[in-house]
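Beneath this line is the structure, given in structure tokens, with notes to follow.
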Amino acid sequence: MRIPNLGETELLVPLHSGMFEQPMWQTFLRLLRLVTEADGVAIVLTGTGEAADVMLREGEPIDPPRTDMRVGRVYSGNDLAHPESALRAISVRGDALALTLIVLARDAPGAEIGSLLSALVPHLQVALKVLESIDRERGRASVGAEAFRRMNFGWIALDERCRIVDLDGQADSFLQRSGALRRGPYNRLIPSSPSVDRQLTSIAKAMAADSRHRPQAINIGQDPWIDILVVPMRIDALAGESKAVAVIYLRGDRSSSADRHEQLVDLFDLTPAEARLAWSLAQGLTIAEAAEAHGLTVETARYYSKRIYAKTGARGQVDLVRNILTGVLALA
């Protein structure tokens, strides 16, 4: 058995890059088994949030030790009351996870394996710290992704013929479930409204001719409310092999107006009539337009609006729009 010098990269590079493999640390475990001439090697992760410990192994199955282990100490099977006396194990701990490295080598010198495991301790601690950091960032990213999913934001890159060059998962999901926009022949993005289709086609051609063209917003649905912002392509990574000229930033409401009315009642303690008026005002209607839409007199609508502003803490219609469309209601 040749125990590697840890100044070499034979084990350390696979150890530190192993958390990016699927499954994790397979190269490290394979090389560790090879250099220790072991029957089996394993990494056991505890505190992962799973129902049971996570075991990654190479070679023969190994029953993990069930005894609490002191950090950095090499244990034998006898120390752990383990049926395999040829087993050697060492444990390190982070803030949320613990990692146990186990080697089962019946025909290899236990002292040499113990020395190798001891030398690996600081590197195992670093690897575990990196893994914890990745897990934390993954958790934060999933929260952010869920927020964006619930807010229904997405993007679609288009060429000058309004063909889809690329899009994110949120936009792809939107196209699958919404009738307001769909994929047409030759991957062309087609709005359900012919007038919006003509407008979008014109904008794409204009942005192909002038990359400094101003961004343009288009409403493509009222109930639920769906807006798009068409911007000249300025991000090369989104352009793809087929040259994209514009990117659409998509915001679609997930809820119908009736759902939004109920949510406003819950959130601000509005009456149903006030909630209906508040949602119309938040969509940009004037008091007169909202009154007509809901069969109210302008005087009644003004009275309701004063009550709405008082209950929502808004100082006017602009403030009301901000409170409703950028608050937690946007996540519902």
Phi-based couplings in Hz for the stretch 295-312 (Karplus 6.51, -1.76, 1.60; Gly and Pro marked x): x, 10, 6, 4, 5, 5, 5, 5, 4, 4, 5, 5, 5, 5, 4, 5, 6, 8
Phi-based couplings in Hz for the stretch 37-44 (Karplus 6.51, -1.76, 1.60; Gly and Pro marked x): 6, 8, 6, x, 9, 7, 10, 10
Cβ under 13 Å from Asn187's Cβ, Asn187 left aside: what net charge do those residues give with Lys, Arg +1 and Asp, Glu -1? +2
Long-range amide H partners of Val245 with built H, under 5 Å: Leu158, Asp159, Glu160
Residues of the stretch 59-206: accessible area per residue with a 1.4 Å probe, Å²: 52
Around Val298, under 11 Å between beta carbons, what's the net of Lys plus Arg minus Asp minus Glu among the other residues? -2
5 Å is the cut-off here: which amide hydrogens, built 1.01 Å from N in the peptide plane, fall below it relative to Asp168, excluding neighbours closer than 5 in sequence? Trp155
Order of 159-165, 108-114, 214-220 by packing, highest average Cβ count within 10 Å first? 159-165, 108-114, 214-220
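The values are calculated or read from the model by the stated rules, or taken from the named source; none is laboratory data. Computed from a prediction, not measured in an experiment: that's the story for all the values here. Note that we place each Cβ from the backbone using ideal geometry, even for glycine, and neighbour counts take in every protein chain shown. Quick note on the areas: whole protein, heavy atoms, side chains included, nothing else; ligands and nucleic acids left out. Shrake-Rupley method; radii C 1.70, N 1.55, O 1.52, S 1.80 Å.
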